[in-house]
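Participant: Right, I'll just put the structure down here and ask away after.
The values are calculated or read from the model by the stated rules, or taken from the named source; none is laboratory data. Everything numeric in this text was worked out from a predicted model, so none of it was measured. With ideal geometry, Cβ positions are generated from the backbone for all residues, glycine too; neighbour counts draw on all protein chains shown. Note: areas computed on protein heavy atoms with side chains; ligands, DNA, RNA excluded. Shrake-Rupley method; radii C 1.70, N 1.55, O 1.52, S 1.80 Å.
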Amino acid sequence: MNSPIVRLYGLMLLLFAALVGFTSYWAVFDADNLQDNPQNRRPLIAEQTVKRGTIKTADGVTIAESFPVGGGKNPVYVRQYPQGSEFGNPVGYNFIEVGRVGIERAENGFLAGERNEFTSIIDQLRDVPQEGDDVTLTIDAGTQQVATQALESAISSTAGASGAGGSVVAIDPSTGAVEAMASVPGFDPNLVKNTATIKELYKDRSAPLVNRPTQSTYEPGSTMKVVTAAAALDSGEFTPDTVLSGRSPHEIGGVPLSNAGGEPFGDIDMTTALTHSVNVYFAQVGEKLGNETMFKYMDRFGFNQDPELGYPDSQMAPSGVYSEGKLLGPGDAIDIGRVAIGQERLLVTPIQMAEVAATVANHGVLMRPTFVQQVTDPDGRTVQKLDPHEQSTVISEQTASQLTEMMTNVTEEGTAAGLTVGGQAFAGKTGTAEIDPEAGINRPWFIGFAPADDPQVAVAVMLERCQGCFGGTVAGPIATQVMESLLSR
């Protein structure tokens, strides 16, 4: 055999091996990603002959259901969303032309009635048609409505909020159950059945398709001081009584830093500093702790990774310190003093800050967040139930107790004084990130939990931009309404 033929034979073997390799990769190793790719219409087309499972809230409200279109033995099913835009996020949509997103995508295996091979064969032998499982969410419909309406009202009534949005997240701290997740502005999933409509929504500058609580990142303002205080106390470097200077301005990272409004304080302890949200105090704490300790506790709280929530990766973002779209680490050049007060290049998701509050409420243990309360098959059998999982032990029970007392002081005599949750003591922390100081445009935040002595709900509230507003006066009242709604069930 001459050498040209040998080379040709070798090339053919190489090409055949490459073909087998790529085919194996797509068919085996990357099968799930290929199946879930929104551009892949084949699974969606095939599933239209399956009656997709219903999605309901924890209090029994139907938010997604399927109806047959056309007659015959094998009808085609089309998805409908009775509650419209109130659950557009986080539930999403499922249509042939535009694909699927949100919970519809995350729980597609159950909703589409996917079975293991053995069960599928038995069903075929019994001539049992494939039918989806029903999914009950942990979300409370009444509270979702309260959260959405409160956000919409605050945005519409606040001057300078044109084009702005907002988020609310409420979590059961002991289980990780997400009990409310509001994203404003929202969208009606019934209106995105075709490509033309969804293209218009993508062009909308208010970004209604974006699930802000999981997908968008923002400067957290002074809510970050809870993370800094947790690191300071739990590391043993500080106590609630540790005294530092509160004088303003104070040089941090080689640049003068002032308290909000330039308010001067003398020598104060950490409890006083958190109560009145003293910037220079916590910036000094951050510098004394250093990058390694701050990042260690940020990681424990869930920063620097996507939330451990059963939700599409493309609709989640990690919280952390960013530079040119990339996360920085403790070895990078960072002004850690300003990170400690929620400035520098720190960006967070609202769900991350809800998890911070939930961790303190749950005695220092962060529970893995979840949307799923229960899954029931077409025969009424329970396939899956809420099974709480610990994500990490972030701080000690003692540290959590100290932080709870300090955060309760914030709501009783500090930046959130005047707020109430049905007359019960509750814990909280305000935040106000300056977006455009010259125009007075701010980003108000509030995180907290209630009741303080037996926490049942933890919340995070954020409005993207409003003029002359602050966390305690705009975001705080929304948070208390949400907590009251859940506690009154």
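Participant: Within the range 267-274, identify whether any single residue is within 22 Å of residue 469 (Cβ to Cβ) and at pLDDT 95 or above, and answer yes or no. Spell out how you get there, then give the answer.
Facilitator: Filtering the range 267-274 down to residues within 22 Å of residue 469 (Cβ to Cβ) leaves 274.
From what is left, the residues that are at pLDDT 95 or above are 274.
Within the range 267-274, one or more residues are within 22 Å of residue 469 (Cβ to Cβ) and at pLDDT 95 or above.
Participant: Can you confirm whether residue 70 is in contact with a strand residue (DSSP E or B) (Cβ under 8 Å, 6 or more places away or on another chain), modelled with pLDDT of 70 or more and surrounded by fewer than 13 Cβ atoms within 10 Å (Cβ to Cβ)?
Facilitator: Values: in contact with a strand residue (DSSP E or B) (Cβ under 8 Å, 6 or more places away or on another chain): yes; modelled with pLDDT of 70 or more: yes; surrounded by fewer than 13 Cβ atoms within 10 Å (Cβ to Cβ): yes.
It is true that residue 70 is in contact with a strand residue (DSSP E or B) (Cβ under 8 Å, 6 or more places away or on another chain), modelled with pLDDT of 70 or more and surrounded by fewer than 13 Cβ atoms within 10 Å (Cβ to Cβ).
Participant: Another question, then. From the list 195, 175, 138, exactly one residue is open to solvent by 10 Å² or more (accessible area, probe 1.4 Å) and within 24 Å of the chain's Cα centre (by Cα). Which is it?
Facilitator: Numbers: 195 fails: within 24 Å of the chain's Cα centre (by Cα); 138 fails: open to solvent by 10 Å² or more (accessible area, probe 1.4 Å).
One residue alone meets the criteria, 175.
Participant: Further, regarding this structure: State yes or no: is residue 403 assigned to a helix (DSSP H, G or I), touching a Ser or Thr at 6+ places or on another chain (Cβ under 8 Å), at pLDDT 95 or above and within 20 Å of residue 367 (Cα to Cα)? Don't jump to the end; show me each part of the working.
Facilitator: On the way: assigned to a helix (DSSP H, G or I): yes; touching a Ser or Thr at 6+ places or on another chain (Cβ under 8 Å): no; at pLDDT 95 or above: yes; within 20 Å of residue 367 (Cα to Cα): yes.
In short, no.
Participant: Looking at the range 164-221, which of its residues are closer than 17 Å to residue 317 by Cα and of a type in the set (Ser, Thr, Tyr)?
Facilitator: 167, 183, 214, 216, 217, 218
Participant: Within the range 392-400, does at least one residue satisfy the condition of being more than 22 Å from the chain's Cα centre (by Cα), modelled with pLDDT of 95 or more and in a loop (DSSP other than H, G, I, E, B)?
Facilitator: yes
Participant: Here are the criteria: (1) open to solvent by 10 Å² or more (accessible area, probe 1.4 Å); (2) in contact with a Ser or Thr (Cβ under 8 Å, 6 or more places away or on another chain); (3) at pLDDT 95 or above; (4) farther than 15 Å from residue 362 by Cα. Tell me which single one residue 467 does not satisfy.
Facilitator: In the conditions (1) open to solvent by 10 Å² or more (accessible area, probe 1.4 Å); (2) in contact with a Ser or Thr (Cβ under 8 Å, 6 or more places away or on another chain); (3) at pLDDT 95 or above; (4) farther than 15 Å from residue 362 by Cα, residue 467 misses (3) alone.
Participant: Let me ask something additional. Considering only the range 84-109, state which residues are part of a loop (DSSP other than H, G, I, E, B) and either under 20 Å from residue 370 (Cα atoms) or touching a Pro at 6+ places or on another chain (Cβ under 6 Å) (or both). Can you show your working first?
Facilitator: Residues of the range 84-109 that are part of a loop (DSSP other than H, G, I, E, B), as a first pass: 92-93, 96-98, 101, 107.
Within the range 84-109, 92, 93, 101, 107 meet the criteria.
Participant: Being in contact with a helix residue (DSSP H, G or I) (Cβ under 7 Å, 6 or more places away or on another chain) and of a type in the set (S, T, N, Q), is that true of even one residue in the range 319-334?
Facilitator: Checked against the condition, which is being in contact with a helix residue (DSSP H, G or I) (Cβ under 7 Å, 6 or more places away or on another chain) and of a type in the set (S, T, N, Q), the range 319-334 yields at least one hit.
Participant: Do the conditions hold for residue 231, that is, is it open to solvent by less than 30 Å² (accessible area, probe 1.4 Å), in a helix (DSSP H, G or I), within 29 Å of residue 340 (Cβ to Cβ) and among the hydrophobic types (A, V, I, L, M, F, W, C)?
Facilitator: Details: open to solvent by less than 30 Å² (accessible area, probe 1.4 Å): yes; in a helix (DSSP H, G or I): yes; within 29 Å of residue 340 (Cβ to Cβ): yes; among the hydrophobic types (A, V, I, L, M, F, W, C): yes.
Yes: the conditions hold for residue 231.
Participant: Please enumerate the residues belonging to the range 313-343 that are in a strand (DSSP E or B), within 21 Å of the chain's Cα centre (by Cα) and free of Cβ contacts under 8 Å to residues at least 24 places away in the same chain.
Facilitator: Restricting attention to the range 313-343, the residues satisfying the condition of being in a strand (DSSP E or B) are 320-323, 326-327.
Then drop every residue that is not within 21 Å of the chain's Cα centre (by Cα), which leaves 320-322, 326-327.
Residues satisfying the conditions are 326, 327.
Participant: Next question, about the same structure. In this structure, does residue 86 turn out to be modelled with pLDDT of 95 or more and within 28 Å of residue 447 (Cβ to Cβ)? Reasoning before the result, please.
Facilitator: Values: modelled with pLDDT of 95 or more: yes; within 28 Å of residue 447 (Cβ to Cβ): yes.
Criteria met by residue 86.
Participant: Separate question: Can you find even one residue in the range 409-422 that is in a loop (DSSP other than H, G, I, E, B), open to solvent by 20 Å² or more (accessible area, probe 1.4 Å) and acidic (Asp, Glu)?
Facilitator: No, that holds for no residue.
Participant: Another question, then. Can you pull out the residues in the range 423-437 that are surrounded by 14 or more Cβ atoms within 10 Å (Cβ to Cβ) and not in a loop (DSSP other than H, G, I, E, B)? Spell out the reasoning first.
Facilitator: Residues of the range 423-437 surrounded by 14 or more Cβ atoms within 10 Å (Cβ to Cβ): 424-435.
Listed by number, the residues that qualify are 424, 427, 428, 429, 430, 431, 432, 433, 434, 435.
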